[in-house]
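Quick notes on the structure that follows.
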Amino acid sequence: MSALLVASRPEFGVVRSRDPQPLANTFSILQSRENDQGGFGLWSSSPDTAEFPTVYVAHFLLEARERGQKIPSEMLATVNDWLTRFASTPASTLADGRLRAYAVYLLARQGIKPNTALSNVEQELSRRYTQAWPTDLAAAYLAATYRLMQRNDEADRIVRNVPWAQQKGEWGEEIYYDAVVHDAQLLYCWPAISRHDWERPRRQRSKQCPAP
């Protein structure tokens, strides 16, 4: 992901590689790890899809396409099919609910309106994780999704409770979620969430890090 972003912003530096297409090998590896359902194995193609890596691959492919990279034909389409099915499945933990909210957001980013999945994800989070989910990254994903779908009242209702990591304070033992991930993804979603209100992140950061 870092190489992709740098390649699209030459003012940040240059990706040094003998290959004129430095991401081509990445796409080739991803193709080798994709299974028949459109999901991805962690180290090789496997019928047992690695769920978080698959959602992150979808995010990577979406960013690559938007930056003019030639992604493998059909790969994004098949992973989108997987995302659509995955987002509609029950979540047994808050982490599972967060990942489904992430999947719904990525679909909405592409103009796909996952109305049923979006409703199901929020209802399950509200029913099973009533106290925890409003301050979780899952809420940011859902708020951004509602905003992309022009459902601004729902976005405003959800986003007001999502804190930055220092305010949140409590973290479990998850592999793919910690304070850094929370803040990075919250900041990433912010343009969609905020409707151009960039003052809130600045104000909150100022409160957390007062001038000496």
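Can you spot a residue in region 143-159 that is modelled with pLDDT under 90 and within 18 Å of the chain's Cα centre (by Cα)? Looking through region 143-159, at least one residue is modelled with pLDDT under 90 and within 18 Å of the chain's Cα centre (by Cα). Applying a threshold of 7 Å to beta carbon distances and a minimum spacing of six or more residues, or different chains, the list of pairs starting in region 118-131 at a residue that is closer than 19 Å to Tyr146 by Cα and ending at one that is open to solvent by 50 Å² or more (accessible area, probe 1.4 Å) and small (Gly, Ala, Ser) reads Asn120/Ser88.
For region 130-159, the tally of residues that are part of a helix (DSSP H, G or I) and out of contact with any Cys (no Cβ under 7 Å at 6 or more places or on another chain) stands at 20. Filtered by the rule that a residue be over 15 Å from Ala132 (Cβ atoms) and touching a Pro at 6+ places or on another chain (Cβ under 9 Å), region 81-99 gives Leu83, Thr84, Ala87, Ser88.
When every residue of region 156-175 is checked against the conditions, none turns out to be within 21 Å of Leu106 (Cβ to Cβ), touching a helix residue (DSSP H, G or I) at 6+ places or on another chain (Cβ under 6 Å) and aromatic (Phe, Trp, Tyr). Taking region 44-129 and the helices (runs of 4 or more DSSP H) fully enclosed by it, the elements with 3 or more residues that are under 15 Å from the mean Cα position of the chain (by Cα) are at 51-66, 75-87, 94-109.
Return yes or no: is Trp133 crowded, with 22+ Cβ neighbours inside 10 Å and either within 22 Å of Glu51 (Cα to Cα) or of a type in the set (D, E, K, R) (or both)?
Spelling it out, Trp133 is indeed crowded, with 22+ Cβ neighbours inside 10 Å and either within 22 Å of Glu51 (Cα to Cα) or of a type in the set (D, E, K, R) (or both).
Restricting to helices (runs of 4 or more DSSP H) lying wholly in region 160-210: which have 1 or more residues that are hydrophobic (A, V, I, L, M, F, W, C), modelled with pLDDT of 75 or more and farther than 11 Å from Leu137 by Cβ?
Working: elements: 165-168, 179-194, 199-208.
Passing ranges, in order: 179-194.
The values are calculated or read from the model by the stated rules, or taken from the named source; none is laboratory data. None of the values given here were measured: they were computed from a predicted structure. Don't worry about glycine lacking a Cβ; one is built from the backbone with ideal geometry, like all the others, and counts go over all protein chains shown. Side chains included, ligands, DNA and RNA excluded: accessible areas come from the protein's heavy atoms. Shrake-Rupley method; radii C 1.70, N 1.55, O 1.52, S 1.80 Å.
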